[in-house]
1. Run the count for the chain, please: Lys pairs, Cα-Cα under 26 angstrom, 8 or more apart or on different chains.
2. How far apart, in nm, are two points set 7 Å out from the Cα along the Cα-to-Cβ line at Leu61 and at Arg82?
3. Using the scaling law 2.2 N^0.38 Å as the reference, what is the normalised Cα Rg of the stretch 8-80?
4. Go through the stretch 62-114 and name the GluC sites (Glu not before Pro) that are in a DSSP coil and have 11 or fewer other Cβ atoms within 10 Å of their Cβ.
Amino acid sequence: MAKYNKATMAALCEYLENGMNKKDAAAMVGIGETTLYRWMKENGSFGSRVEASVLTYKQKLIQTMNISAVDDGRLALEILARRWPGDFGKNIKVETFDPHEEYKRMMARINASD
């Protein structure tokens, strides 16, 4: 099992910065997921570094997506719809139909006409 040291922390954070999830990154450095979370709790600066690594990967993906959206209008629209659904999302009105309620209304009209 890996020990808590700078080399282990650096390797784990590198895996996270390249898109690996915490459980798999922990396994790659020889620790379990539970150990990772314990280390994060016991050492706040390490926990912050782990979360920053995850955000670094997120930022990389956003940059890549934004660059790609320049040449792909559909991707740009998808980004807008997901980021600001109230302004750019699809507003689809769906009407529901309950056949039992419709049957009751028809029977009420028939009975009323008798």
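1. So the count of such lysine pairs works out to 17.
2. 0.7 nm
3. The stretch 8-80 yields a ratio of 1.37.
4. The qualifying sites are Glu95.
Values in this text are rule-based calculations from the coordinates and carry no lab data. Fair warning: this is a prediction, and the values are worked out from it, not measured in the lab. Here Cβ is always computed from backbone atoms with ideal geometry, including for glycine, and neighbour counts include all displayed protein chains.
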